[in-house]
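Laboratory data are not the source of any read-out in this text; all were calculated from the coordinates shown. Computed from a predicted structure; not experimentally measured. Here the Cβ is made from the backbone with ideal geometry for all residues, glycine too, and neighbour counts use every protein chain on show.
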Amino acid sequence: MKQKVVMKVQMTCEKCRNKAMKIAAVAQGVTSVAIEGADKSLVVVIGDGVDPVSLTRSLRKKLGSATIQSVQELKAESAEKKTDPTPTYYYSQYPQYPLYYANTVAYPDQYPLYHADAVVSDQYPSNCAIM
């Protein structure tokens with residue numbers, strides 16, 4: 001069960017903000033940390049099983065004043081996923097150069113539009129362009 005904890009911390013400079021971010025990031029169960037508010041004095045922590053009291057205590061030790069503003073339970077995201085992703089088609093208008101037609105060279109303005117007939121539908125696509 002994910003929680004969103006908002007704490008008001010006395011932070012007067014950028015160094016204090018960085019220190020607060022580091023302290024909050026190493027706490028048990030924290031998945032994301034952000035600094036919000038008009039005066040950038042709110043530390044927003046999102047995580048699974050975060051203990052707001054111990055986190056506030058650690059911030060008080062290093063930075064001085066820290067108070068808990070709110071603790072909210074975040075709704076679980078939709079676990080329903082598509083089992084069959086829609087296929088992705090890739091088209092290319094560029095043929096391989098140069099094209100030879102019966103002892104003559106075809107010029108670029110004479111090329112017809114080519115497209116790939118392959119259907120790519122990988123559930124876990126890779127960012128590798130080579131494979």
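Can you compute the charge dipole magnitude of region 15-75 about its Cα centre, using +1 on each Lys and Arg Cβ and -1 on each Asp and Glu Cβ, nothing else charged? Give it in debye, rounded to the nearest 20.
That gives region 15-75 a dipole magnitude of about 420 debye.
Quick one: grab the alpha carbon gyration tensor of region 21-61, order the square roots of its eigenvalues as a ≥ b ≥ c, and give me rounded if a/c is under 1.5, else prolate or oblate depending on whether a/b is larger than b/c. It would help to have the intermediate numbers written out before the result.
Working: a/c = 2.05, a/b = 1.35, b/c = 1.52.
Taking the square roots of the gyration eigenvalues as a ≥ b ≥ c, region 21-61 is oblate.
How much net charge surrounds T67 when only the other residues with a Cβ under 13 Å from the Cβ of T67 are counted, with Lys and Arg +1 and Asp and Glu -1?
On the way: positive: K8, R57, R60; negative: none.
Neighbourhood net charge equals +3.
Just to confirm a number: summing +1 for Lys and Arg and -1 for Asp and Glu over residues other than M11 whose beta-carbon lies under 12 angstrom from that of M11, what do you get? Please report the intermediate quantities before stating the final value.
On the way: positive: K8, K15, R17, K19, K40, K62; negative: E14, E36, D39.
So the surrounding residues net to +3.
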